[in-house]
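The values are calculated or read from the model by the stated rules, or taken from the named source; none is laboratory data. From a predicted model like this one, the values you see are computed outputs, not experimental measurements. Reconstructed Cβ throughout: ideal geometry from the backbone, glycine too, with neighbour counts over all protein chains shown. Just the protein is used for accessible areas: all its heavy atoms, side chains included, with ligands, DNA and RNA removed. Shrake-Rupley method; radii C 1.70, N 1.55, O 1.52, S 1.80 Å.
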Amino acid sequence: MPEAASGSAAAAGAICAPLLALAGVHTHIGPYHILHGVDLAVPRGGLTVLLGRNGAGKTTALRTIMGLWRASAGRIDFDGRPIAALPTSDIARAGIAYVPETMGIFSDLTVRENLVLAARQGAMDADRLRWLFGLFPAIERFWQLPAGTLSGGQKQMLSIARAIIEPRQLILVDEPTKGLAPAIIANMVAAFRELKATDTTILLVEQNFLVARALGDNVAVMEDGRIVHAGAMAELAEDRSLQQRLLGLSLDMHQ
Amino acid sequence: MNVAKANEPAPAALPARKVDWAPLVLVPLLALAALPLVGSTATWTTLTIAALAMGMMIFIMASGLTLVFGLMDVLNFGHGAFITVGAYAGLIAAVPLAGWLASDQLAVNAVALIAIILVAMAVTGLVGYAFERLIVMPVYGQHLKQILVTMGGLIVIQQLVIVLWGPVQIPLAVPQALRGAFFFGDVAIEKYRLTAVVLGLMIFVAMQLVLTRTKLGLLIRAGVENREMVEALGYRIRRLFVGVFVTGSMLAGLGGVMWGFYRETLTPGMGLEVMVMIFIVVIIGGLGSVGGCFIGALLVALTANYMSFLAPKLALGSNIILMVAILLWRAQGLFPVAKRA
């Protein structure tokens, strides 16, 4: 339903070029060297899953894209524009929304106030809000309650709702299903499916391979701060030996 | 930037929002507990009104400090300088307007008082801006350096006040119409104290309205909790912080003027003298909480006033005892501000 800004690119070349491209990105956090030259292309539209073990650098990659940690080397281009040197607020205003692993909910503010802040253009669009309430009914139910009183799953939904209250070109989502009950995960998968239908580009960090397979169009696998595999999700989903090699698991073990 | 929007769908019925009453009840409880100890109702009323006036002034001086700490984790030990500067800057207007202050017409007094307050706030706003740029900004995120550097700033400013206005205390008379007291039977309520209470309440209400009803206020509260996320939503926290710092300095300046009139003398060390009390207020209120700061200021002032009447020898330590008691009850202060893990 909502109009994601994607179809406006005039040149055919711009459409083919990835929406987000990382080239040789290194990130240091204090004395630690976390990203060792990440090359990652996130195509326009669709959902790209970033897979990898704990500590592989997935969260660091997202935080580096958002400018919350600075890349010490390399290029980050968003929509053909370098963003690595921009402050976080400008990166957000360029059209990237971020759903952190910690959800980043303002617990002292009401659910509504959380969304008011996320809607930078001022008034929240009534149609879009109705669409959001359809995706996440809990948001409507707890509209005037402090966000801190929500359950973990509801907070996660609020965090995602905040990212999509206005159309954004790219949404970075860090492990949204972590610690959630299966029923809530199913709800979330359905919400992401619907979001995909709006042409919003999504970069999703996910540990749950079943969720990743259900949603992903493309996949990139990280290991020790590098991308070690990138391609279509369908390809990885079919190839058990590749799963075994990259992720140390095969789907059979999960089924 | 009002956030009330007409086109939102009406939400379904919801569970009631819980209010944390316990700290709010503490204030009347403390006052009532003191009544039998003080004995005389008249004395108790005078003490209580005096304490409320003092509490309001402390709140005005402390409110900026708690937000500055909450928003950027900045420990500003130099905040007391703004109190002193405010009081002295008020003199810039108070000296030429001395005739107006001495007039027995309330309106003329009020104009002079407003002029004094405006000058004081303008000067402390500018000093606050410069202080943030030169002293605080280079030490973001480094607590130890913040303490040392802002302390240094305080000393420098205090010395500048001595250079400009001299080391001796300067008398400052309360505007004519605000002198004296109202009498209700044998209860005397000083007019100036009543003015301070009204002004303090107005500022508290105004701050609450800004913090809860405007987008700017929501951003400040959100920033206190998680400044990174405020940035990730596309807002420049740095600008917000400078704004809060300058506003906090201006409020300290206003508090300084009110404090100066209350004491009826200005001394270069007056800001530093109240800083201990202000830090206690900010700590027991919950770092970053304006509501907690308000309740904390009232509690500190009531305790100080009752104790100095009941047991003058204990008065000095009474605030520390109060702080210990409250922190034993709520280690994060009366209204703990949720912080990102």
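Using only alpha carbon pairs under 8 Å that are at least six residues apart, calculate the relative contact order of chain B and give it in whole percent.
Answer for chain B is 33 percent.
Relative to the compact-globule scaling 2.2 N^0.38 Å, provide the ratio for the alpha-carbon radius of gyration of segment B:142-209.
1.77
B:M137: net charge of surrounding residues, Cβ under 13 Å, Lys/Arg +1, Asp/Glu -1, itself excluded?
So the surrounding residues net to +3.
Kindly provide the pair-distance distribution of segment B:112-162 built from C-alpha pairs, with 10 Å bins from 0 and whole-percent values in order of increasing distance.
24, 42, 25, 8, 0
With a 1.4 Å probe, how much accessible area is buried between chains B and A, both sides summed, in Å² to the nearest hundred?
3100 Å²
Quick one: 3J(HN,Hα) in Hz for segment B:95-112, Karplus 6.51/-1.76/1.60 with θ = phi - 60°, rounded, Gly and Pro as x.
Here the 3J(HN,Hα) series is 5, x, 9, 4, x, 5, 5, 7, 4, 8, 8, 4, 4, 5, 4, 5, 4, 4 Hz.
Excluding ligands, DNA and RNA, what is the solvent-accessible area per residue of chain A at a probe of 1.4 Å, expressed in Å²?
With all protein chains present, chain A gives 39 Å² per residue.
Evaluate the Debye formula for segment B:40-329 with equal point scatterers sitting on the alpha carbons, no solvent, and hand back log10 of I(q)/I(0) at q = 0.11, 0.14, 0.15 Å⁻¹, in q order, two decimals.
-0.64, -1.04, -1.18
Any number yet on Rg/Rh for chain A, C-alpha, Kirkwood?
Values: Rg = 17.7 Å, Rh = 18.6 Å.
My calculation puts Rg/Rh at 0.95.
With Cβ to Cβ distances under 15 Å as the rule, what net charge do the other residues near B:I170 carry (K, R +1; D, E -1)?
With Lys, Arg at +1 and Asp, Glu at -1, the neighbours total 0.
Amide H of A:A71 versus every other amide H placed in the peptide plane: which residues, excluding those fewer than 5 positions away on the same chain, fall under 5 Å?
Placed amide hydrogens put nothing under 5 Å from A:A71.
In sequence order, what are the phi-derived ³J(HN,Hα) couplings for segment A:159-170 according to the Karplus relation 6.51 cos²θ - 1.76 cosθ + 1.60 with θ = phi - 60°, rounded to whole Hz, with x for glycine and proline?
Each residue's phi maps through the Karplus curve to give 4, 5, 4, 4, 6, 10, 4, 10, x, 10, 6, 9 Hz.
So what is the accessible area of segment B:40-329 per residue, in Å², with the probe set to 1.4 Å?
Values: 11480 Å² over 290 residues.
Result: 40 Å² per residue.
Using a Förster distance of 30 Å, how high is the FRET efficiency between B:A173 and B:L126, based on the Cβ-Cβ distance and rounded to 0.05?
Step by step, r from the Cβ atoms, then E = 0.65.
Provide Rg and Dmax in Å for segment B:86-174, with only Cα atoms included in the calculation.
16.6, 52
As a check on your grasp of the helix formula, calculate [θ] at 222 nm for the protein assembly as shown: sum -39500 (n - 2.57) over DSSP H runs of n ≥ 4, divide by the residue count, round to the nearest 500. Write down the numbers at each step before the final one.
Numbers: 25 runs with 337 residues, N = 596.
For the protein assembly as shown, the value works out to -18000 deg cm²/dmol.
So for A:S89, A:S241, what's the accessible-area order with a 1.4 Å probe, most first?
The ranking, largest first, comes out as A:S241, A:S89.
Which three extents, in angstrom, do the Cα atoms of the protein assembly as shown have along their principal axes, listed largest first?
Result, largest extent first: 90, 51, 43 Å.
Counting each pair of different Cα atoms once, what's the Kirkwood radius of segment B:219-319 in Å, rounded to one decimal?
15.7 Å
For a quick check of understanding: with a 1.4 angstrom probe and all protein chains in place, what accessible area in square angstrom does A:K155 have, to the nearest ten?
For A:K155, solvent-accessible area is about 50 Å².
Cβ under 10 Å from A:I34's Cβ, A:I34 left aside: what net charge do those residues give with Lys, Arg +1 and Asp, Glu -1?
That works out to 0.
Counting only pairs 8 or more places apart or on different chains, how many lysine pairs in the protein assembly as shown have C-alpha atoms closer than 17 Å?
Step by step, the pairs that qualify in the protein assembly as shown add up to 4.
How much of the accessible area of segment A:12-254, in percent, comes from carbon and sulfur atoms when a 1.4 Å probe is used?
52 percent
Are there any residues in segment B:231-250 with a reduction of at least 10 Å² in accessible surface when going from the isolated chain to the assembly of protein chains? Probe 1.4 Å, please list them by number.
So the qualifying set is B:E231, B:A232, B:L233, B:G234, B:Y235, B:R236.
Once neighbouring chains are kept in place and the probe is 1.4 Å, which whole percent of the accessible area of segment B:40-329 is contributed by carbon and sulfur?
74 percent
Does anything in segment A:212-250 have its amide N under 11 Å from the 7 Å Cα→Cβ label point of A:H36, and if so which residues?
In segment A:212-250, the label zone of A:H36 (backbone N under 11 Å from the point 7 Å along Cα→Cβ) covers A:223-227.
Got a sec? Which residues of segment A:82-112 lose 40 Å² or more of accessible surface with every protein chain in place, vs. that chain alone, 1.4 Å probe?
Residues losing area: A:S89, A:F106, A:D108, A:L109, A:R112.
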